[in-house]
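K.L.:
Attaching a single structure in structure tokens format; questions to follow.
The values are calculated or read from the model by the stated rules, or taken from the named source; none is laboratory data. Keep in mind the model is a prediction, meaning the values are calculated, not measured. No Cβ is skipped: glycine too gets one built from the backbone with ideal geometry, and neighbour counts run over all protein chains shown.
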Amino acid sequence: MIEMDRSARGSLIRRLPYPTSRYLTLGVLALLAALGVYAAFAGGSEAVFLVVVVVVVELVCWVALLRPSIAAYDNGLQLTNMVRDVFIPWEHIENVRALSTFQVVTEERRFSCVGVVTSTRAQLKQSKAYGERPTVAKMMLGTKLAGMVDGPPEQDTASRTLTAHIEDLVRGYVHDGQRRWKKAGSPDRPIVQQWALLPVLALLAAVAAILIGTQLS
């Protein structure tokens with residue numbers, strides 16, 4: 001496994017906007033943090049248990065809900081998942097689809113990112129807007145084998161979902177990045193995958209907090 005060289009990614013072009021649900025999650029976590037601080041200073045028999053619950057919820061929510069994201073850089077697309085990151089240079093990307101998860105299709109395999117997810121209801125709405133017959137296979141794998149063909153034709157933007165707009169946005173970055181790569185005549189760059197140390201430590205800390213809280217309560 002090749003280690004990710006941050007300088008090789010180039011400058012950040014754009015990190016895709018957080019949906020409203022993530023801002024709500026941040027608000028809830030902030031309230032929980034305030035509650036935990038209050039419990040720590042107030043003391044009492046239930047203080048330790050409450051602090052442990054707050055710490056565990058904060059860590060798990062950060063790893064599962066807040067950390068996953070998609071970012072476009074000068075030289076490629078980075079998919080940040082819960083505990084594993086993937087950097088895909090533009091020249092390897094054949095297609096992108098916003099399905100149950102955001103998927104990037106290359107010649108060798110398909111990469112998924114939970115940073116942008118589409119509910120079943122939204123997928124049905126999107127399929128209806130495209131004039132497609134919604135099926136489980138299409139929602140899970142795309143129109144043809146995980147979206148290995150071009151996406152559906154453009155439709156009225158009013159009927160499209162947020163994830164469909166993100167899909168179009170990423171396609172635009174892919175097109176521009178591949179055009180720059182071809183113009184520069186650069187050699188192919190490798191796809192890089194690696195485990196992310198910080199979220200792994202956060203999950204271990206959550207487990208440790210549960211064990212400590214169980215012993216002290």
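Here's the yes/no breakdown for (1) farther than 23 Å from GLN193 by Cβ; (2) over 19 Å from the mean Cα position of the chain (by Cα):
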residue	(1), (2)
LEU31	yes, yes
ALA42	yes, yes
ALA64	no, no
TYR73	no, no
ILE88	no, no
GLU91	no, yes
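K.L.:
Check segment 68-79 and report whether any residue there is closer than 30 Å to ILE212 by Cα and either of a type in the set (Val, Ile, Thr) or modelled with pLDDT of 80 or more (or both).
P.N.:
Of segment 68-79, the ones closer than 30 Å to ILE212 by Cα are 68.
With either of a type in the set (Val, Ile, Thr) or modelled with pLDDT of 80 or more (or both) added as a condition, the list becomes 68.
Yes: one or more hits.
K.L.:
Do we have ALA8 as at pLDDT 75 or above, out of contact with any Ser or Thr (no Cβ under 7 Å at 6 or more places or on another chain), over 21 Å from LEU65 (Cβ atoms) and not acidic (Asp, Glu) here? Steps first, please.
P.N.:
Working: at pLDDT 75 or above: yes; out of contact with any Ser or Thr (no Cβ under 7 Å at 6 or more places or on another chain): yes; over 21 Å from LEU65 (Cβ atoms): yes; not acidic (Asp, Glu): yes.
In short, yes.
K.L.:
Residues VAL60, VAL51, VAL37, VAL55: which one is in a helix (DSSP H, G or I), at pLDDT 90 or above and either basic (Lys, Arg) or surrounded by 12 or more Cβ atoms within 10 Å (Cβ to Cβ) (or both)?
P.N.:
Working: VAL51 fails: at pLDDT 90 or above; VAL37 fails: at pLDDT 90 or above; VAL55 fails: at pLDDT 90 or above.
Residue meeting the stated conditions: VAL60.
K.L.:
Look at segment 181-197 and say how many of its residues are of a type outside the set (Lys, Arg), exposed (fewer than 10 other Cβ atoms within 10 Å of the Cβ) and not in a loop (DSSP other than H, G, I, E, B). Walk me through how you get there before you give the answer.
P.N.:
Of all residues in segment 181-197, those of a type outside the set (Lys, Arg) come to 181, 184-188, 190-197.
Right, trim to exposed (fewer than 10 other Cβ atoms within 10 Å of the Cβ) and you get 184-185, 187-188, 197.
Add one more test, that the residue is not in a loop (DSSP other than H, G, I, E, B), and what stays is 184, 197.
Selection size over segment 181-197: 2.
K.L.:
Now for a different question. Output yes when any residue across segment 161-170 is under 19 Å from ARG109 (Cα atoms), in a loop (DSSP other than H, G, I, E, B) and modelled with pLDDT under 85, and no when none is. Before you say what the answer is, go through the steps one by one.
P.N.:
Quick first cut of segment 161-170, residues under 19 Å from ARG109 (Cα atoms) only: 167, 170.
The next check asks that each one be in a loop (DSSP other than H, G, I, E, B); those that pass are none.
No, the conditions are met nowhere in segment 161-170.
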